[in-house]
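The values are calculated or read from the model by the stated rules, or taken from the named source; none is laboratory data. Treat the numbers as computed from the prediction; the structure is a model and nothing was measured. Note: ideal-geometry Cβ built from the backbone for every residue, glycine included; neighbour counts use all protein chains shown. Note: areas computed on protein heavy atoms with side chains; ligands, DNA, RNA excluded. Shrake-Rupley method; radii C 1.70, N 1.55, O 1.52, S 1.80 Å.
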Amino acid sequence: MTVSPWQRRIQRAQELAVQHSFAAEILGFYIHVARFQEDLHRRLSAAFPKPPSASIGGELSAAELSQLSARFESFLTLAETHGPQQLSEMSRALRARGQTFWSELLNNSWTNHSPSDAQGFLAMAFLQPYAELLRSHGKLTPKEHTYALCPFCNRKPGFGVLRQMGDGAARSLVCYFCLAEWEFRRLVCPACGEENDRKLPVFTASEFDYIRVECCDACKTYVKTVDLTKNGHAEPMVDELVSAPLDLWARGQGYAKLQNNLLGM
Ligand SMILES: [Zn+2]
């Protein structure tokens, strides 16, 4: 039996919730979100068997918006029921705004590359399976930049992954929205292109010894990279989420995260 990417993420979240009780609440919420996303992905695949791959760059079409906004209410109900308190209250208020407002919010979030508020992140979490669907039908066009942007949707990477390659390990970066993964040199800052390794300190903590906090002292940003050569069992997106104490630490050192994840953390 093939296990879907969502099922793998859910299983990993269940395991991690047992290991890290401080994260049990947020992981519990994530599990609800992932189940919803899998169902939405299935519905959208059926509604758009040949999705228009160009639409990742522009506005959503009327057909896309009507499919999406029709499901948004259930997502808001989910966030109201299972989300942390602030998110729950915001979702209840959003639910009262109605479908015209939702369509506008979804379309804005689709075209805006970096959400700035909780409402924007919630909309992005809802839209994420559709971005993933389009990407799976689309083509990745690598960018010629020294810094890192998603080769499919031009957004910033949410995290990195180290995979075994020959005798060493190669780094790739993963788009926080469409989840495209592309190779990116290890000793280059993905935010500013800095290549001086003395300005690129890497930190780890014993609690998450397979997660590297890769910092840049030139632009004061960081990205977390999940080292799959040390922990082949990790599901990078979920392990990134649960290692929030590393984000707290990095921010305390004056580094800003290159791109917050879809829970806004
Ligand atoms: Zn992308």
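In the stretch 144-154, is there at least one residue being aromatic (Phe, Trp, Tyr) and open to solvent by 10 Å² or more (accessible area, probe 1.4 Å)?
Yes - at least one qualifying residue is present in the stretch 144-154.
Which condition does residue 189 not pass, out of (1) more than 18 Å from residue 253 (Cβ to Cβ); (2) away from the ligand (no atom under 16 Å from the Cβ); (3) not hydroxyl-bearing (Ser, Thr, Tyr), if it passes all the others?
Status for residue 189: all satisfied but (1).
Quickly run through the stretch 145-173 and pick out the residues that are outside any loop (DSSP other than H, G, I, E, B) and free of Cβ contacts under 8 Å to residues at least 40 places away in the same chain.
165, 168, 170, 172
Take the conditions farther than 30 Å from residue 20 by Cα and surrounded by 21 or more Cβ atoms within 10 Å (Cβ to Cβ) and apply them to residue 175. Does it pass?
No; evaluated as a whole, the condition is false for this residue.
Can you pull out every residue in the stretch 91-111 that is assigned to a helix (DSSP H, G or I), basic (Lys, Arg) and open to solvent by 90 Å² or more (accessible area, probe 1.4 Å)?
92, the sole residue that qualifies.
Out of all the residues in the stretch 212-221, is one or more closer than 24 Å to residue 142 by Cβ and within 16 Å of the ligand (Cβ to nearest atom)?
no
Spot the failing condition for residue 116; the list is (1) in a loop (DSSP other than H, G, I, E, B); (2) in contact (Cβ under 8 Å) with a residue 40 or more places away in the chain, and only one is missed.
The single condition residue 116 does not satisfy is (2).
If only one of 230, 224 is of a type in the set (Lys, Arg) and part of a loop (DSSP other than H, G, I, E, B), which one is it?
230
For the stretch 182-195, indicate whether the set of residues that are open to solvent by less than 70 Å² (accessible area, probe 1.4 Å) and in a strand (DSSP E or B) is non-empty.
yes
Can you tell me which residue in the stretch 132-163 is nearest to the ligand (Cβ to nearest atom), limited to those that are at pLDDT below 95 and closer than 23 Å to residue 32 by Cβ?
132
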